[in-house]
Each structure stands twice: as structure tokens, then as C-alpha cells.
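Report on one structure; see the data block that follows.
Each value in this text was obtained by applying a stated rule to the coordinates, not by laboratory testing. These numbers come from a predicted model, not from an experiment. Using ideal geometry, Cβ is built from the backbone for each residue, glycine included, and neighbour counts are taken over all protein chains shown.
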Amino acid sequence: MQVTKQNFGKTADGAVVDLFTLSNDNQVTVKITNYGAIITAIETPDKNGVIENIVCGFDKFEDYISDQYLGSYPYFGCVCGRVCNRIANGKFTLNGKEYSLAVNNGPNHLHGGLIGFDRRVWNAEPVSATDRVGVKLSYTSPDMEEGYPGKLDVVCTYTLNNKNELSLEYTAVADQTTILNLTNHTYFNLTSGKENILGHDLILTAQSITEAVDMIPTGKIIPVAGTEFDFLTKKKLGKDIASLENGYDLNFVLDNKAGNLVYAGCLSEEKSGRSVEVYTTQPGMQLYTGYWIPQLTVDGQTKFGSYSGVALETQHYPDSVNHPEFPTVVLEPGEKFKQTTIYKF
């Protein structure tokens, strides 16, 4: 196993961007940049030993900051924060004080705002141990950045081992009461983009979802059994998707109140023989089938587009700060935020 580092580019204000490559002894390679803590590529062999990239991303840094990409921004591979997913009307109250955030998704706040953690340059250092290699990414978000109270020190450590497990460990501390909900927004396509994801099979342990109207939870938890949201037994993503105008984009309840590391589900694809198992300490998972992924021209080639990837975003529920009945996203000073997600290939 090894971790290597190379230059990936520079931001408009001259900050150096690096690319770290983690590789294990089974021909699994993960590429991560300190810009946005983005997973740019995950290369795995198929059942015939053919090694291909199974996530949506770019080979060049310039493509991540291009007007074409940012114009209908799909958040490829990044860490979303300070609070991922949506906050209704961009407003919340903490300790009796109301805060207003950027409204950047219809009437709501999405994925941390106009310049969230996904568009920041993180500090980075390689990590090596006998049983894993990785990169430790850290970022300090100042008080009131994007409207969020408190200075927040956040660390995201990605590690790869010889069990083909990519571990994402998040920790954070704040100097005053704030809110925090982190996720990784990698889109998987186990055919390496040769086909869309509608032929992929998915199984999820979630027996319920957070009911939502216009992408914002109503507060009700409703069962999935017998509905188009039922993935309790293995089912193709395309099987019931026609009944949903924009495909799947909602939070599945993992019933993990204790915050243990639990098996959440498995994405697989028959022709390639590839699969991704998901384990997490988080209470929910946003399943997003990528209806709004833009079609892009990259190096003269047309790539991506609707349903070109599926995101399995382990996280707390959307708009949790405005739903006291949901698992809390409030982080108090002196408390340590800690969450882990593992993708096993």
C-alpha cells in the first residue's frame, strides 16, 4: 500500500492544490484533492480484472472550477458543509437567536452556502500505517463564515486498506454553539460511465424515509414497504423511477440512534461484477440518482448528464435544525463531533 502526492493546480487566488493517490495491494486506487476534500477518482477492477474509474470526477483541476461545471453545479465527490443538504428558507434559531444563510437552492439553503467546504482549500498531510494509507485534511471555518456561528475546526481523514475499505472519518470542535452536518457527495457509476445507473441494483436496510414536500421534511417518518422507496430487497434503481418526476432524492432513515457503525446497504452492477457496501455511524442516507447532473463537454468529449451517477450520502436528516424531533445537528463548545462512513469495494 502507498500514498503519493502531486501538484493538481492553483486556485484563482494562487492557493496550491494537491492530488493524493491512495493505492492498496488489490489494484484499488483512490484519488483525493485538498480542494473541497474531493474524491476525484476511485479505480477498481471489474470481474474480468479490467481497472476503471467508478465515480464521477475530472482528471484536471481546471474542470472543477470551470464556468461550465459550476453553472449547474453537481458537487462531484466533495465534502459538503458546514451543513449538507437543505435548511428551509435558509433560517434557523440557536439559543434564541435567528440566523440567516444564503438561499442557493430555490427558497432553501443547500450544502453549506455559496462557498461551502466543497470549494475551500484544506490543509493536507499523508497518513501511513501498517494496515492503511490515507490523507488527513483539515480546515478552520471562521465565526460567521457563510452565516454560521462559531469558529469550527474540522478534520476529514480518508484511509484505504487491503480489505478494499475506503474509510471517511470526520471530527470537529467549535468554540461556540453551532450546527454541523457533513457528508461526502461522491457519485458512483460501477460501469465506469459506459451506461447510466438505472441498471444498478440497490439494497438498503432503511425501513422508512423522512416525508418531504418540495425537498423539505414535514417531520413525519413514513414506512417504505410496498412503495417506490422500498429497497429492503435488492432492486434496480430504474424499476420504479418513472413514478418520480426527478428520480430519487430523499433521506432514508437508518434507525441508528446509538450512532454505531452499521451496515446501511449495497450498490451493485451485474455486468461489471462490481459492488459498493456502505457502513456508517450516521442516522440517515440521502439517495440521489443524479437527475440534475449536467451534460458536460470535457476534452472534446460529451460526458455525464442525467442519471450518470448515484450518490449515497450518509448524513443527518435534512433541515434537522428546524425539527427538534430529528437527531440533532447542534454542536456545543467542548463537544467533539465524530462520524465515520466506510465504502467497501
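Please give me the summed charge of the neighbours of residue 110: other residues whose Cβ is under 14 Å from its Cβ, Lys and Arg +1, Asp and Glu -1.
Surrounding charge for residue 110 is -2.
For every helix of n ≥ 4 consecutive DSSP H residues, a contribution of -39,500 (n - 2.57) applies; sum these over the chain, divide by its total residues, and give [θ] at 222 nm rounded to the nearest 500 deg cm²/dmol.
Details: 2 runs with 9 residues, N = 345.
Per the formula, -500 deg cm²/dmol.
What shape does the range 148-278 take by its C-alpha gyration tensor, where a ≥ b ≥ c are the square roots of the eigenvalues and a/c under 1.5 counts as rounded, a/b above b/c as prolate, and the rest as oblate?
On the way: a/c = 1.96, a/b = 1.27, b/c = 1.55.
Since a/c reaches 1.5 but b/c is at least a/b, the shape of the range 148-278 is classed as oblate.
At what distance in angstrom do the alpha carbon centres of the range 225-287 and the range 305-322 lie from each other?
11
Past the 30 Å Cα-Cα mark, which pairs from 234/336; 31/303; 220/338?
Distance filter (> 30 Å) returns 234/336.
Have a look at 197, 54, 241 and tell me which one the Gaussian network model of the chain (Cα, springs below 10 Å) gives the largest fluctuation.
Maximum fluctuation in the GNM of the chain, among the listed residues, is at 241.
List the GluC sites (Glu not before Pro) within the range 287-341 that fall in a DSSP loop (any state other than H, G, I, E or B) and whose Cβ has at most 13 other Cβ atoms within 10 Å.
When the GluC sites (Glu not before Pro) of the range 287-341 are filtered for loop state and at most 13 Cβ neighbours within 10 Å, 325, 335 remain.
Normalised by the residues of the chain, what does the relative contact order come to in percent, with Cα pairs under 8 Å and at least six apart? Don't jump to the answer; show the numbers that get you there.
Details: 916 pairs, mean separation 59.6, N = 345.
Over the chain, the number comes to 17 percent.
Under a point-charge model restricted to the Cβ atoms of Lys and Arg (+1) and Asp and Glu (-1), what is the dipole moment magnitude of the chain relative to its Cα centre, in debye to the nearest 20?
Charge dipole of the chain: 360 debye, to the nearest 20.
Let a ≥ b ≥ c be the square roots of the eigenvalues of the Cα gyration tensor of the range 108-193; is it rounded (a/c under 1.5), or, if not, prolate (a/b larger than b/c) or oblate?
It comes out oblate by the Cα gyration axes.
State, in angstrom, two size descriptors of the range 1-134 derived from its alpha carbons: Rg to one decimal place and Dmax to the nearest whole number.
For the range 1-134, the Cα-based Rg and Dmax read 17.6, 59 Å.
Which lysines, on any chain, are close to residue 97 with Cα under 20 Å apart, when same-chain ones fewer than 8 places away are left out?
Hits, sequence-local ones excluded: 151.
If you put +1 on each Lys and Arg Cβ and -1 on each Asp and Glu Cβ, how big is the dipole of the range 32-113 around its Cα centre, in Debye rounded to 20?
Dipole size: approximately 560 debye.
Pairs 60/239; 194/235; 60/163; 194/344; 91/344; 235/257: which exceed 32 Å Cα-Cα?
60/239; 91/344
How charged is the neighbourhood of residue 89? Take every other residue with its Cβ under 12 Å from the Cβ of residue 89, and add Lys/Arg as +1 and Asp/Glu as -1.
Summing Lys/Arg as +1 and Asp/Glu as -1 gives -1.
For the range 255-266, just list the computed ³J(HN,Hα) in residue order, Karplus coefficients 6.51, -1.76 and 1.60, θ = phi - 60°, integers in Hz, with x standing in for Gly and Pro.
Calculated HN-Hα couplings, in order: 6, 10, 5, 6, x, 6, 7, 10, 6, 10, x, 8 Hz.
Within 10 Å, Cβ to Cβ, of residue 11, how many net charges do the neighbouring residues add up to if Lys/Arg are +1 and Asp/Glu are -1?
Result for the neighbourhood of residue 11: +2.
Using the 10 angstrom Cβ neighbour count as an exposure proxy, how do 160, 244 rank, fewest first?
244, 160
So what is log10(I(q)/I(0)) for the chain at q = 0.15 1/Å, when the Debye sum runs over its Cα atoms only?
Each listed q maps to, in turn, -1.39.
Considering the chain as a Gaussian network with a 10 Å cut-off on Cα pairs, which listed residue, 105, 123, 48, attains the greatest mean-square fluctuation?
Maximum fluctuation in the GNM of the chain, among the listed residues, is at 48.
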